[in-house]
Structures are given as structure tokens and as C-alpha cells.
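The values are calculated or read from the model by the stated rules, or taken from the named source; none is laboratory data. Note that this is a predicted model, so its numbers are computed, not measured. A quick note on method: Cβ atoms are made from the backbone with ideal geometry, for glycine too, and the neighbour counts reach across all protein chains shown. To get the accessible areas, we keep the full protein, side chains included, count just its heavy atoms, and leave off ligands, DNA and RNA. Shrake-Rupley method; radii C 1.70, N 1.55, O 1.52, S 1.80 Å.
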Amino acid sequence: MRRWPLLLGLAVAAGAAGFWLLTRPAALTAGVQQALAAHSADRARGEAVFWAAGCAGCHAAPGIAFNAPLEERLVLSGGRRFETGFGTFVAPNISTDTDAGIGGWALEEFARAMMLGVSPTGAHYYPAFPYRAYAGATPQDVADLWAFWQSLPADATASQPHDLPAPLTLRRGLGLWKHLAARAAPPPAPEDPVLARGHYLVETLAHCAECHTPRDRLGQLDPAQWMSGAPNPSGQGRIPAIPPEGWSAEDIEAYLFSGFTPEFDVVGGSMADVVVQIAQLPESDRQAIAAWLLAQPATE
């Protein structure tokens, strides 16, 4: 009988060690590190990645109007609140301020955060940050984005904490979640260059499925209902399926540039931020987005 406490202690220790190993933060692969180091970053290309990835849509200050100057969206001071079924997430300051923001980061730290959801200190980020989609970004685009980031203004606004229930405040457990709720694979990239570009913009940089696809209890995207529409995380209304039924390629491209639907309704809600940002891309990118969306099978 005296062995039971020892065996129980060993079992607990083994379980703790297994959990610690299973939830350890991932590191960039050698291939990604080499690609980052070998690439001569292009700040102009990085600006296009910035707008396509929607960085300002979450991290610019709250309350920026649809027609506000673009310069206001480049101050990534954070503070926007996002209500979900798991709690309320607050976008952090990711400006170039070295204390309040991420100005002291290195390129590899930025890439690890964006592609793997891991902070420079080794903490897991919550998947409200769409790193599961960004994981498909090319190292070259990440390096270009970081080069553009260096030109953005610093802001000393302190980041605010998330409002989450107690179990979810233990970030180490997110390492286990990353294994249990690995991102559902989007449709494969096509060979056609226009469709391939649209695929990359929609499925990776613009991470459209993160909002337009329903989720299970773990927050996993449902591959059987890819971009078929989803409940609004705030509990108000529903995010529609894309592309909208009956829209042409010209309708989609015009909407992503002007914010007007074919019926002359005006974009609203969080999609207004998306339109402002996608409107900064070349027309060919919006056409590629439309082509890819229309190439997908109709959702039920």
C-alpha cells in the first residue's frame, strides 16, 4: 500500500511533463528562418500585405469613421473590443512604440507571432488573432510587412487585458488547443495564376473564413460549411455567406472598392473596415478575389 502514493506521484509528474511538452510553443522552421534572412524586404510590397491582412481593422483605435483619413488607421494603438462566445478580447497596441507596442521586436519574433501565434516571451496568443490563417503566408510577405511596419507611427497607449473566464486566462492551455483545434484546411490552391492569387488573398492574408465560416465548440472552423455564413460572435445578427448569391465578378470587385452593393446599400459593421483596406489593393487583386470566390461551389 505504501507504493500507491509514490505511483500516484509519478503518474501526476508524468502527466504534467506530458502536458508541458505537448503545449510548448512552436518555433519557426529552419526553412522559414532561412527565407526570412535571405529576402531583401520591400517596404512598398509590405504596405499591400498590410492592407490585405487587415491589420488596421482590428488594431486601429476604436471609433474611426468609414471615411476617415487613412493616416488614422496606421496608428495601431489597439483598444477595440471583440465579443465572442468565449469572452471579450481586446486588441493590443501593436504600434512601433518600444514599450507599449512591438517596436522592440525582431523580424523573426514578428514572424513567429504572425505565423505560429507565439509571443517573443513564448506565450501563446489567443486565436482571436488569426495566426492560423496567416500561417500560410510566405516568409517574403511577412518580411515585407515587417519592413513597412517600421514606417508606422509609435503610440504609447497601454494595451488593455482581455475579459475572459478563469480557465481561459491560462495561456499555456492554448498549446493544447492548437493541437485539438488545428485550423481546417481551406480549398487547395489552383494552378491558374489569377485564381491562385485570389486563393492566397481570401484564404490566407484576408482570412475571410475566420468570420464567414461557422465554428464548433472548440472554435474550430467547419470545413463542410466553408464560408457559408456564421453567427455573429457578438450575438447580434449573422455574418453572410460569400460570395452573395447572384453577384457577378464586377459586383464583388466594385463592392470591395466602394462599399456599395449592387442594390446600392452601403457596407456597415466590421466589413466597412475590410472594404477600406481592400480598396487600397490593386484592382487586379480585387478581381482575383472575385474570381476565386465565384469559382467555389455554392453553399447551402
Across the stretch 183-195, what is the total count of residues that are at pLDDT 95 or above and in contact with a Pro (Cβ under 7 Å, 6 or more places away or on another chain)?
-> 0
Take the residues in the stretch 103-118 that are without any contact (Cβ under 8 Å) to a residue 24 or more places away in the chain and under 20 Å from Arg171 (Cβ atoms), then tell me which one is least open to solvent (accessible area, probe 1.4 Å).
-> Ala113
Which pairs have Cβ atoms under 9 Å, sit 6 or more apart or on different chains, and link a residue in the stretch 22-48 that is touching a residue at least 40 places away in the same chain (Cβ under 8 Å) and under 11 Å from Leu145 (Cβ atoms) to one that is surrounded by 13 or more Cβ atoms within 10 Å (Cβ to Cβ) and of a type in the set (S, T, N, Q)?
-> Ala41/Gln140; Asp42/Gln140; Arg45/Gln140; Glu47/Gln280; Ala48/Gln280
The stretch 124-146, residues that are part of a loop (DSSP other than H, G, I, E, B), within 16 Å of Thr213 (Cβ to Cβ), touching a Ser or Thr at 6+ places or on another chain (Cβ under 7 Å) and open to solvent by less than 40 Å² (accessible area, probe 1.4 Å) = none
Apart from one, (1) open to solvent by 80 Å² or more (accessible area, probe 1.4 Å); (2) modelled with pLDDT under 95; (3) part of a helix (DSSP H, G or I); (4) in contact with a helix residue (DSSP H, G or I) (Cβ under 9 Å, 6 or more places away or on another chain) all hold for Cys211; the odd one out is (1)
Part of a loop (DSSP other than H, G, I, E, B), open to solvent by 30 Å² or more (accessible area, probe 1.4 Å) and at positive phi, is that true of Gly246?
-> yes
Within the stretch 128-165, the residues that are farther than 19 Å from Pro186 by Cβ, among the polar types (S, T, N, Q) and out of contact with any strand residue (DSSP E or B) (no Cβ under 9 Å at 6 or more places or on another chain) are Gln140, Gln150, Ser151, Thr157
